[in-house]
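Engineer: Sharing a structure below in structure tokens format, with a few things to ask.
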Amino acid sequence: MSIETKPAQMKNRTAGVGPPKICVKRYSRANRADNLSAANTILSEKKAIYSGYKTQREAIETFKSGMPQQAVLKARKKSLTKNTRPVQCESRIASVFRSSRFGHSFTDKPRGRYTYKQNLEDEMSKEALNTISACDTILERMEQMLNGFQGDLSSISTEIQTLQEQSVTMNVKLKNRQAVRGELSQFVDEMVIPETMINHILDTPVTEREFLEQLHELHHKINFVKEQSFKEARSCFDVKDILEKLKIRRKNVFSELYISLTFPYLAISKIREYILQKINSFKKPMSNYQVPQNAMLKFRFFNEFLMSHERHVAREIRDEYVDTMSKIYLSYFKGYLSRLMKLQFEESADKEDLMGAEDSAKKDILNRSTVFTLGSRGNVLTTDLEGPIIVPHASQKQETKHNFESLFRSLHYAVMDNCCREYLFLVDFFMVTGPSATDLFNAIMSKTVSLFLSKMEEYTADCFDSIAIFLCIHVVYRYKSMMNKRGVPAIDRYWDALVHVMWPRFQLILEMNTQSIRAVDPSKLGHIDVRPHYITRRYAEFSAAIVGINQSFPDERVYHLLSQLQTEVENFILKIAAEFPHRKEQLICLINNYDMLLGVLMERTTEDSKETESFKELLTARTGEFIEEILSPYFGGMIMFVKDCEVQMERGGAESIKCDEKRVQQIVRGFNNDWKRALEMINGEVMRAFTNFKNGTQILQGALTQLIQYYHRFQKVLSQGPFRNMQIRNELINIHHVMVEVKKYKPTF
């Protein structure tokens, strides 16, 4: 038996009509199982809600504490795994149907008994429904509480987001205010003119460090105010007048001090007076203008200040400096040049001092420069190049005379040194570079440079000393290079102009020397011997000097001029050799001259120079010819026999040689009798013929070596077919015996 409550009865019951009528029916065991399944379903639904809590109070307290739904569900799941006691309402409902599970059901027994059971079931159903209603009410309240919690959380999240936005806004405002504060503080510092600055500008001397520091600060403030005035900053008008009054002469009031209209210049006026005073100190007699220049360089900022704020004052100072220094340099170098040129040798080279001119002794030879030799004159390009300048009055006291190139070097070293210092001063103090610096420098030095150029043209036009002019040209090359290394290209045009003046003169003198050698008539030179000629010696010294100087800054024009001169000298040597009647004397003359030329050139130049190689070839050719010539009187028969036989052997073989036994016997016996005496004669003749002992020894060794070779070839010819059976071959002296005798003439040095 089970209870079945119809919907209409439940409706009437809830409306208060009265208790519903219960229809009791007889059920089978299967119907009881269905009722039990329905009750278990309701029980499972309630378990799902309350099984996570041990008591109703615990459930309500948990919901009141605002535990999030997810946490509740986690706790509920956790409790399901444990054997917790279910809520009381659940146990009561379960007890209602427990009897049904164990087979206890309603039966169709007498009505009184069944009415009691029915009432009991009604009570239990009512109690279950009330419990369910109470649970629903609790759940509804809990849902409302959770909705409230959710609304509160949403409101809190919105408030947090609002606070974050406010925090970001406040942070941006803070940064902006800090930036504004920094810029505003700097702006105020730049604008404010402290009383310390005013006092130092007014009272402190310009040479004091405090004045220079405050001038830097004033310069900065003036530029800052100008910059801000372009931005139309109204605060600039508050300090602009004060800065202008600090800068120039005006009626002014500082710190309640009245300054009249006759108040001197402030910053600019004090700077102007100081610089002009230093410039005027240059004009004092015997003053070293480098000292005030160095003092001005310490305060180079003064001119920068004037260039920035009063350009007309800066222009006034620059013009005054240019005018003063131009006059000082012109006066100084004009006097120095005049006194310096008085120290030149009185007897200098003239148009008669050419290479082909007749050698004659001139008076005052000790005070004349050597025209064709270099000697110590080359020191102007090496040790003396950056040496001290010549002091005229000191040299006059010692009565010392100098070559033209030494005076030229001293003058232009002073020019180079002063020009470098002046150019660097202009670049540093007046803040000019490039073409502007060159123009300013030329404004100062143009008169002095023009004076030098005109004087050099004058002195060069009367000079016939080609070595002196060539040395001066290379002094110019070196000084120009030194100035470029120092970064001073200011007088490059002057250096080039000097070279253009001196080079044509040098070329003219070389052509005159070449022409003088071409015009020499050996027959009119008087006595001529086999020793080196003085004209050849002149050429050797001169050529070695020019080639040695030209190695540092090679110029092909020089080699071309020397080549022309060399050709004429070679022709001249052939001319003087032709004056001798015998070939041996001619060869001795040629060898002596070539050897002397080669020795001088190799001593002063490199061994692989063009001139050296040319004379080596000439000397080798003439030496070989002389050896043949000196062997011929003593061993000519043997030499001719060897040459004739070798020619015949080359043409037709050994069988073609004509067997002249008588001639062979004469040659062999003549050699055996006279070869030792011939060696002594050759040795004496060679040693007497050549002025250079070393060269003579080499020629002697060459002659003896050639003799050994001829004797060896002679023995080889006699070993051929036609001469092989001659008895005279047994009389031949062993070649080793000849070689032992030849070694006696080998030099011991």
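Bear in mind that the values in this text are calculations on the coordinates, not laboratory data. Note that the structure is predicted; figures quoted are calculated from it, not measured. Reconstructed Cβ throughout: ideal geometry from the backbone, glycine too, with neighbour counts over all protein chains shown.
Engineer: For region 534-611, what is the Kirkwood estimate of the hydrodynamic radius, computed as the reciprocal of the mean inverse distance between distinct Cα atoms, to one decimal in Å?
Structural biologist: 13.2 Å
Engineer: Let me ask something else about it. Residue by residue through region 129-134, what is 3J(HN,Hα) from phi via Karplus (6.51 cos²θ - 1.76 cosθ + 1.60, θ = phi - 60°)? Round to whole Hz and write x for glycine and proline.
Structural biologist: In residue order, the calculated couplings are 5, 4, 5, 5, 4, 4 Hz.
Engineer: Want the number for SER125 to ALA519: 0.36 nm per residue separation, take away the alpha-carbon distance, what's left?
Structural biologist: 125.5 nm
Engineer: Let me ask something additional. Ratio to report: Rg/Rh of region 259-342, with Cα atoms as the point set and Rh obtained by the Kirkwood method; give two decimals.
Structural biologist: 1.11
Engineer: A further question on this structure: Give me, ordered by chain and number, the residues 5 or more places off HIS402 or on other chains with an amide H under 5 Å from its own placed amide H.
Structural biologist: Counting only residues 5 or more places away or on other chains, the set is GLN344, PHE345.
Engineer: Hey, what does the equivalent ellipsoid look like for region 546-668, semi-axes from the Cα gyration tensor as sqrt of 5 times each eigenvalue, largest first, whole Å?
Structural biologist: Output for region 546-668: semi-axes of 43, 17, 12 Å.
Engineer: Starting from the eigenvalues of the Cα gyration tensor, five times each then square-rooted, give me the equivalent ellipsoid semi-axes of region 109-170, largest first, whole Å.
Structural biologist: One finds semi-axes of 59, 5, 4 Å for region 109-170.
Engineer: While we're on this one: Using only the C-alpha atoms of region 146-233, find the volume of their convex hull and express it per residue in Å³.
Structural biologist: Convex hull volume per residue, Cα atoms: 120 Å³.
Engineer: Within straight cross-link reach of LYS175, meaning Cα distance under 16 Å, which aspartates and glutamates are found once same-chain residues fewer than 8 apart are removed?
Structural biologist: Leaving aside aspartates and glutamates fewer than 8 places away in the same chain, those within reach of LYS175 are GLU165, GLU183.
Engineer: Ordered by residue, what ³J(HN,Hα) values in Hz, to whole numbers, does region 515-530 give under the Karplus form 6.51 cos²θ - 1.76 cosθ + 1.60, where θ = phi - 60° and Gly and Pro are x?
Structural biologist: Listing the rounded values in order: 5, 5, 5, 4, 8, 5, 10, x, 5, 9, 8, x, 5, 10, 10, 7 Hz.
Engineer: OK, next. Residues of region 401-423 with backbone nitrogen within less than 15 Å of a virtual label 7 Å along the Cα-to-Cβ line of ASN294, please, listed as ranges.
Structural biologist: So the set is 421-422.
Engineer: Eight or more residues apart or on different chains, and alpha-carbon atoms under 17 Å: count the Lys pairs in region 343-579 matching that.
Structural biologist: 5
Engineer: With all pairs of different alpha carbon atoms counted, what Kirkwood hydrodynamic radius in Å does region 324-363 show?
Structural biologist: After inverting the pairwise mean of 1/r, the radius is 13.4 Å.
Engineer: Taking the Cβ of each residue in ARG531, ARG538 as the centre, tally the other Cβ atoms inside 10 Å and list the residues starting with the fewest.
Structural biologist: So the residues, fewest neighbours to most, are ARG531, ARG538.
Engineer: With r defined as the distance between the Cβ atoms of SER454 and GLU613 and R0 fixed at 41 Å, what FRET efficiency is calculated, to the nearest 0.05?
Structural biologist: It comes out at approximately 0.40.
Engineer: Cα centroid distance between region 636-652 and region 393-435, in Å?
Structural biologist: With region 636-652 and region 393-435 each reduced to a Cα centre, they are spaced 75 Å.
Engineer: Follow-up question, since we're still on this one. State, to one decimal in nm², a quarter of the convex hull surface area for the C-alpha atoms of region 300-412, i.e. the direction-averaged projected area.
Structural biologist: Taking the Cα atoms of region 300-412, their convex hull projects to 11.2 nm² on average.
Engineer: Sort HIS474, HIS533, HIS712 so that the residue with the fewest other Cβ atoms within 10 Å of its own Cβ comes first and the one with the most comes last.
Structural biologist: HIS712, HIS474, HIS533
Engineer: How would you rank ASP608, ASP417, ASP136, going from fewest to most other Cβ atoms within 10 Å of each one's own Cβ?
Structural biologist: Lowest to highest Cβ neighbour count: ASP608, ASP136, ASP417.
Engineer: A further question follows. Over all directions, what mean area does the Cα convex hull of region 343-579 project, stated in square nanometres?
Structural biologist: 14.4 nm²
Engineer: Which net charge results when you count Lys and Arg as +1 and Asp and Glu as -1 among the other residues whose beta-carbon is under 15 Å from that of ARG486?
Structural biologist: Neighbourhood net charge equals -1.
Engineer: A further question follows. If amide hydrogens are placed 1.01 Å from N in the peptide plane, which non-local residues have theirs closer than 5 Å to the one on ARG531?
Structural biologist: When sequence neighbours closer than 5 places are left aside, there are no close amide H contacts.
Engineer: With the Cα gyration tensor of region 620-744 in hand, convert its eigenvalues to equivalent ellipsoid semi-axes via √(5λ) and list them largest first in whole Å.
Structural biologist: Value: 29, 16, 11 Å, ordered largest first.
Engineer: In whole Hz and in residue order, list the ³J(HN,Hα) couplings for region 167-182 that follow from phi through the Karplus curve 6.51 cos²θ - 1.76 cosθ + 1.60, θ = phi - 60°; x for Gly and Pro.
Structural biologist: Computed from phi, the couplings for region 167-182 are 5, 4, 4, 5, 5, 4, 4, 5, 5, 4, 5, 5, 5, 4, 5, x Hz.
Engineer: Also, quick follow-up: Calculate the spin-label point distance for GLU731 paired with ASN176, positioning each point 7 Å from the Cα along the beta-carbon direction, and give it in nanometres.
Structural biologist: Output for this residue pair reads 13.6 nm.
Engineer: While we're here: Tell me, in nm to one decimal, what length is gained between THR382 and SER185 on full extension, where the rule is 0.36 nm per residue of separation less the Cα-Cα distance?
Structural biologist: Length gained, THR382 through SER185: 64.5 nm.
Engineer: Multiply the residue gap between TYR534 and VAL740 by 0.36 nm, knock off their C-alpha separation, and tell me the result in nm, one decimal place.
Structural biologist: So the chain would gain 70.1 nm between TYR534 and VAL740.
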